[in-house]
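The values are calculated or read from the model by the stated rules, or taken from the named source; none is laboratory data. Please read these numbers as outputs of a predicted model, since none were measured by experiment. Neighbour counts run over all protein chains shown; Cβ positions are idealised from the backbone, glycine included.
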Amino acid sequence: MNYTIALLPGDGIGPEVVGGARRVLDAIAARFGHVFSYREGMIGGCAIDATGEALPEETLGLCLSSDAALLGAVGGPKWSDPKAPVRPEQGLLKMRQAMGVFANLRPVVVLDALIEASPLRPERVRGVDLLIIRELTGGLYFGVPQGQETIDGERAAVDTMRYRESEIRRVVRLAFELARGRRRKVTSVDKANVLASSRLWREVTHEIAAEYPDVEHEDILVDACAMYLINRPADFDVIVTENMFGDILSDEASMIAGSMGMLPSASLGESGRPGLYEPIHGSAPDIAGQDIANPLATILSTAMMLRSSLGLEEEAIAIESAVAQVLADGARTADIARAGESFIGTIEMSERVAQVLSSPA
Ligand code: IPM
Ligand code: MG
């Protein structure tokens with residue numbers, strides 16, 4: 001089959017990790033007889049430099065007319081002046097909103113080979129297999145009013161956390177649906193003891209939970225959840241939460257898996273529309289251009305893309321198994337290597353995964 005994939009390398013290590021993922025996609029194409037047509041677009045800082053805009057119209061059009069989009073990362077010190085009129089991150093947010101990808105799936109799976117890479121004790125992280133579903137197009141990231149103002153002659157600023165029930169319902173429903181294919185447990189995370197938006201979140205979540213009597217459901221306050229992720233991560237199955245809470249908790253949860261460099265994500269909207277796939281990590285400007293970034297988060301995002309947007313389950317599993325195999329064989333990038341352990345670069349790691357795919361056991 002022929003599929004069209006928008007590639008958005010972005011800034012910092014983005015081009016390197018997307019390059020690695022592309023190498024892996026080529027290996028999939030060769031093995032399974034598919035044709036992937038790549039269409040490259042600019043987003044973030046590189047787009048600002050070239051066009052003045054963080055998300056050129058052309059890039060958005062490219063994504064909307066493709067089967068899926070794979071993004072590296074955006075941002076960097078060059079564009080981070082708080083007074084700058086346009087910032088790279090705005091491109092990413094605009095893209096998420098324009099593509100209507102309201103649910104961001106961030107699985108955290110601890111592979112046996114990487115148990116030692118986590119700063120947490122092995123007995124805590126062994127067997128962890130959880131899925132954070134982060135609401136992605138609402139809440140503080142998009143609420144208006146937002147901005148700086150003057151109150152009584154001094155500087156002030158405001159952000160707005162607003163949720164409509166329809167926004168809550170669609171993402172929480174997805175959490176319950178996905179839980180049915182897993183261990184049938186949904187943990188909804190909020191701050192209902194303080195925030196009105198969280199009280200609505202909880203109300204709507206209970207209405208939906210009533211439709212899924214076969215799925216266990218609990219509510220946890222976000223501060224407590226931050227604690228439980230460290231002291232009993234294996235208890236979680238599906239966690240669903242609003243945008244900002246999900247942003248913070250998913251970085252925290254990445255440490256369970258050993259490194260941000262291991263965590264993929266899928267951002268999905270209404271079925272039939274293209275999804276957006278990206279590693280959860282940022283552009284890491286401090287290590288950009290050195291061939292030391294871990295490409296596995298992007299490679300695993302590619303697996304999610306094949307599964308959710310292209311319907312290629314077998315191919316997705318092939319990538320996930322190949323990643324598990326190279327890790328079991330001892331391949332490590334710097335971020336997941338133990339002190340003193342030797343490690344390989346971005347290109348070499350991608351190459352190893354591609355090789356396993358080209359010569360399956
Ligand atoms: C993420 C990132 C983004 C976010 C930034 C780069 C805007 O942290 O995808 O988690 O906050 O959503
Ligand atoms: Mg984040």
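Can you pull out the residues in the stretch 281-305 that are under 15 Å from the mean Cα position of the chain (by Cα) and in a helix (DSSP H, G or I)?
LEU296, ALA297, THR298, ILE299, LEU300, SER301, THR302, ALA303, MET304, MET305
Do we have GLU341 as charged (D, E, K, R), modelled with pLDDT of 95 or more and out of contact with any Asp or Glu (no Cβ under 7 Å at 6 or more places or on another chain) here? I'd like the intermediate steps shown before the answer.
Working: charged (D, E, K, R): yes; modelled with pLDDT of 95 or more: no; out of contact with any Asp or Glu (no Cβ under 7 Å at 6 or more places or on another chain): yes.
For GLU341, the condition - charged (D, E, K, R), modelled with pLDDT of 95 or more and out of contact with any Asp or Glu (no Cβ under 7 Å at 6 or more places or on another chain) - is not met.
Filter the stretch 281-316 down to residues that are under 23 Å from GLY181 (Cα atoms) and among the charged types (D, E, K, R) and give me whichever is farthest from ligand 1 (Cβ to nearest atom).
GLU314
Quick test for you: out of ASP291, ASP286, pick the one residue that is assigned by TED's automatic domain parsing to the domain that holds ILE5 and free of Cβ contacts under 8 Å to residues at least 40 places away in the same chain. Talk me through it step by step, then tell me what you get.
Details: ASP291 fails: free of Cβ contacts under 8 Å to residues at least 40 places away in the same chain.
After applying the criteria, what remains is ASP286.
Within the stretch 312-342, how many residues turn out to be surrounded by 14 or more Cβ atoms within 10 Å (Cβ to Cβ) and under 15 Å from MET262 (Cα atoms)?
Applying the first criterion (surrounded by 14 or more Cβ atoms within 10 Å (Cβ to Cβ)) to the stretch 312-342 yields 312, 315-316, 318-327, 331-337.
Retained after the next criterion (residues that are under 15 Å from MET262 (Cα atoms)): 319-327, 331-337.
Final tally of qualifying residues: 16.
Does VAL24 count as in contact with a strand residue (DSSP E or B) (Cβ under 7 Å, 6 or more places away or on another chain), closer than 30 Å to GLN355 by Cα and modelled with pLDDT of 95 or more? Please lay out each step first, then the result.
Numbers: in contact with a strand residue (DSSP E or B) (Cβ under 7 Å, 6 or more places away or on another chain): no; closer than 30 Å to GLN355 by Cα: yes; modelled with pLDDT of 95 or more: yes.
It is false that VAL24 is in contact with a strand residue (DSSP E or B) (Cβ under 7 Å, 6 or more places away or on another chain), closer than 30 Å to GLN355 by Cα and modelled with pLDDT of 95 or more.
Please count how many residues of the stretch 120-159 are surrounded by 14 or more Cβ atoms within 10 Å (Cβ to Cβ) and among the β-branched types (Val, Ile, Thr).
Qualifying residue count, the stretch 120-159: 5.
Does LEU93 fit the bill of being in contact (Cβ under 8 Å) with a residue 24 or more places away in the chain, over 16 Å from GLY275 (Cβ atoms), part of a helix (DSSP H, G or I) and not assigned by TED's automatic domain parsing to the domain that holds GLY139? Let's see the steps before the verdict.
Values: in contact (Cβ under 8 Å) with a residue 24 or more places away in the chain: yes; over 16 Å from GLY275 (Cβ atoms): yes; part of a helix (DSSP H, G or I): yes; not assigned by TED's automatic domain parsing to the domain that holds GLY139: yes.
Taking the combined requirement at face value, the residue satisfies it.
The rows are residues; the columns are (1) in contact (Cβ under 8 Å) with a residue 60 or more places away in the chain; (2) farther than 19 Å from LEU105 by Cβ.
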| position | (1), (2) |
| --- | --- |
| LEU174 | yes, no |
| LYS185 | no, no |
| ARG199 | no, yes |
| GLU203 | no, yes |
| HIS206 | no, yes |
| GLU211 | no, yes |
| GLU218 | no, yes |
| MET227 | no, yes |
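Can you pull out every residue in the stretch 226-257 that is under 19 Å from LEU195 (Cβ atoms), hydrophobic (A, V, I, L, M, F, W, C) and within 16 Å of ligand 2 (Cβ to nearest atom)? Step through it out loud before you land on a result.
Within the stretch 226-257, the subset under 19 Å from LEU195 (Cβ atoms) is 226-227, 239-249.
Add one more test, that the residue is hydrophobic (A, V, I, L, M, F, W, C), and what stays is 226-227, 239-240, 244-245, 248-249.
ALA226, ILE239, MET244, PHE245, ILE248, LEU249 - these are the residues of the stretch 226-257 that are under 19 Å from LEU195 (Cβ atoms), hydrophobic (A, V, I, L, M, F, W, C) and within 16 Å of ligand 2 (Cβ to nearest atom).
Would you be able to say whether some residue in the stretch 31-39 is small (Gly, Ala, Ser) and in contact (Cβ under 8 Å) with a residue 40 or more places away in the chain?
To start, the set of residues in the stretch 31-39 that are small (Gly, Ala, Ser) comprises 33, 37.
Checking which are in contact (Cβ under 8 Å) with a residue 40 or more places away in the chain leaves us with none.
So far as the stretch 31-39 goes, no, none of its residues is small (Gly, Ala, Ser) and in contact (Cβ under 8 Å) with a residue 40 or more places away in the chain.
Got a number for residues in the stretch 90-106 being crowded, with 20+ Cβ neighbours inside 10 Å, within 16 Å of ligand 2 (Cβ to nearest atom) and not β-branched (Val, Ile, Thr)? Outline the logic, then answer.
Let us first name the residues in the stretch 90-106 that are crowded, with 20+ Cβ neighbours inside 10 Å, namely 91-92, 95-96, 99, 101-106.
Checking the rest, the ones that are also within 16 Å of ligand 2 (Cβ to nearest atom) come to 91-92, 95-96, 101, 103-106.
Now restrict to residues that are not β-branched (Val, Ile, Thr): 91-92, 95-96, 103-106.
Qualifying residue count, the stretch 90-106: 8.
Given SER301, SER309, which one is of a type in the set (Ser, Thr, Tyr) and either free of Cβ contacts under 8 Å to residues at least 60 places away in the same chain or within 15 Å of ligand 2 (Cβ to nearest atom) (or both)?
Numbers: SER309 fails: either free of Cβ contacts under 8 Å to residues at least 60 places away in the same chain or within 15 Å of ligand 2 (Cβ to nearest atom) (or both).
SER301 is the lone residue from the list that is of a type in the set (Ser, Thr, Tyr) and either free of Cβ contacts under 8 Å to residues at least 60 places away in the same chain or within 15 Å of ligand 2 (Cβ to nearest atom) (or both).
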